[in-house]
1. Residues in segment 124-140: is at least one acidic (Asp, Glu), in contact with a Phe, Trp or Tyr (Cβ under 9 Å, 6 or more places away or on another chain) and either in contact (Cβ under 8 Å) with a residue 60 or more places away in the chain or assigned to a helix (DSSP H, G or I) (or both)?
2. Can you tell me which condition Ala149 does not meet? The list is (1) in contact with a Lys or Arg (Cβ under 7 Å, 6 or more places away or on another chain); (2) more than 30 Å from Met259 (Cβ to Cβ), and all the others hold.
3. Filter segment 1-22 down to residues that are of a type in the set (S, T, N, Q) and surrounded by 15 or more Cβ atoms within 10 Å (Cβ to Cβ) and give me whichever is farthest from Ser272 (Cα to Cα).
4. Restricting to segment 271-300, give me the number of residues that are part of a helix (DSSP H, G or I) and farther than 30 Å from Ala14 by Cα.
5. Phe161: farther than 22 Å from Arg255 by Cα, touching a strand residue (DSSP E or B) at 6+ places or on another chain (Cβ under 9 Å) and not in a strand (DSSP E or B), yes or no?
6. State all residues of segment 46-88 that are crowded, with 18+ Cβ neighbours inside 10 Å and modelled with pLDDT of 90 or more; if no residue qualifies, say none.
7. Got a sec? Which of Ala258, Ala238, Ala266, Ala253 is in contact with a Gly (Cβ under 6 Å, 6 or more places away or on another chain), assigned to a helix (DSSP H, G or I) and at pLDDT 75 or above?
8. Could we say that Phe220 is buried (at least 16 other Cβ atoms within 10 Å of the Cβ), aromatic (Phe, Trp, Tyr) and either more than 18 Å from Gly120 (Cα to Cα) or modelled with pLDDT of 85 or more (or both) here?
Amino acid sequence: MANLRDIRKRRKGATNTRKITRTMELVSSAKLKKAQDAANASYPFSRTLLNLMEALSGAMSDVDKHPLMKERPVKTVAIYLMASDRGLCGSFNGNLVAKALERAKFHRAQGRTVRFIALGKKGATTLQFFGETVAETHIKIVGQANYDACEKLATAAIANFLGGTCDLVEVVFARFLSAGRQEVRAQTLLPAGTKHEDDGSGKALSGARPATGAKPDYIFNEDPEVLFAALVPRAVRAELYAFSLQTTAAEHAARRLAMKNATDAAGDMVKSLTLVYNRGRQGKITQEIAEITGAVEAMA
């Protein structure tokens, strides 16, 4: 009887777990729709700003370009790792950290110093687990993205780049493609307008900006220098915010999928335990009937 009691407890625990994971799945599904709409709305805006920067830069020499667009020999690299503040989202954070470590390995092979800035608790703790030093940790960037927080981060990155603290700023983030598919990317944030990082093979990285097709003609009323002064910093802030929105949508999608898989697994466990419990209960009843029958026959 004790065995059946243990099975009943396990079945109850699996049932409660299924209820919790199902609720989390529904919550993530609701958040995903809102995050997906925000991510899709931000992408065209950041692309348009980059197109404007390209159009302006075509009318200027390399000497006259904005300081944020000037490339220089890279000695120090700042890698901004976007990850979630909470777990229970499958391999989402692990894939992001793996990409950041891959980029760090590449830069260190070039003799560069790498500085990690973690935008999310899970990214910071996982990097530390692998023995990396995290210079800064920021929370509430992914999962509940807001422009003010991203603006402050972008402003600090701009100041470090202009001050010479870092020569290259990369962002590792998750590109939301669909509810069941996300892609981890590494994108250059500074120098602004950079097409891709050179991985040594001449091929663009996975985070390279896609071709934009036919370029529209622009009529500028101000001098390129004046427009650049206002446009380039704004484009950098908008792009970092777009990365945050993309990663937020990808996180909710990953958590929804992970919770769905957990719910299905808990459901299978409940069915399996119910079958075992019913068989054990039936065997117990059969045994009791046999004992009673035997006793009656012995008394006859």
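1. First pass over segment 124-140, keeping only residues acidic (Asp, Glu): 132, 136.
Imposing the further condition that a residue be in contact with a Phe, Trp or Tyr (Cβ under 9 Å, 6 or more places away or on another chain) reduces the set to 132, 136.
With either in contact (Cβ under 8 Å) with a residue 60 or more places away in the chain or assigned to a helix (DSSP H, G or I) (or both) added as a condition, the list becomes none.
The answer is no, given that none of the residues of segment 124-140 is acidic (Asp, Glu), in contact with a Phe, Trp or Tyr (Cβ under 9 Å, 6 or more places away or on another chain) and either in contact (Cβ under 8 Å) with a residue 60 or more places away in the chain or assigned to a helix (DSSP H, G or I) (or both).
2. (2)
3. Taking segment 1-22 and keeping what is of a type in the set (S, T, N, Q), we get 3, 15-17, 21.
Filter again for surrounded by 15 or more Cβ atoms within 10 Å (Cβ to Cβ), leaving 15, 17, 21.
On the way: Thr15: 12, Thr17: 15, Thr21: 18 Å.
So, considering only residues that are of a type in the set (S, T, N, Q) and surrounded by 15 or more Cβ atoms within 10 Å (Cβ to Cβ), the one farthest from Ser272 (Cα to Cα) is Thr21.
4. Residues of segment 271-300 that are part of a helix (DSSP H, G or I), as a first pass: 271-299.
Add one more test, that the residue is farther than 30 Å from Ala14 by Cα, and what stays is 289-299.
The qualifying residues number 11.
5. Numbers: farther than 22 Å from Arg255 by Cα: yes; touching a strand residue (DSSP E or B) at 6+ places or on another chain (Cβ under 9 Å): yes; not in a strand (DSSP E or B): yes.
Spelling it out, Phe161 is indeed farther than 22 Å from Arg255 by Cα, touching a strand residue (DSSP E or B) at 6+ places or on another chain (Cβ under 9 Å) and not in a strand (DSSP E or B).
6. Matches in segment 46-88: Val77, Ala78, Ile79, Tyr80, Leu81, Met82, Ala83, Ser84, Asp85.
7. Numbers: Ala238 fails: in contact with a Gly (Cβ under 6 Å, 6 or more places away or on another chain); Ala266 fails: in contact with a Gly (Cβ under 6 Å, 6 or more places away or on another chain); Ala253 fails: in contact with a Gly (Cβ under 6 Å, 6 or more places away or on another chain).
Result: Ala258 is the single residue among Ala258, Ala238, Ala266, Ala253 that is in contact with a Gly (Cβ under 6 Å, 6 or more places away or on another chain), assigned to a helix (DSSP H, G or I) and at pLDDT 75 or above.
8. Working: buried (at least 16 other Cβ atoms within 10 Å of the Cβ): no; aromatic (Phe, Trp, Tyr): yes; either more than 18 Å from Gly120 (Cα to Cα) or modelled with pLDDT of 85 or more (or both): yes.
For Phe220, the condition - buried (at least 16 other Cβ atoms within 10 Å of the Cβ), aromatic (Phe, Trp, Tyr) and either more than 18 Å from Gly120 (Cα to Cα) or modelled with pLDDT of 85 or more (or both) - is not met.
The values are calculated or read from the model by the stated rules, or taken from the named source; none is laboratory data. Since the structure is predicted, the reported quantities are computational estimates derived from the model, not experimental observations. Here Cβ is always computed from backbone atoms with ideal geometry, including for glycine, and neighbour counts include all displayed protein chains.
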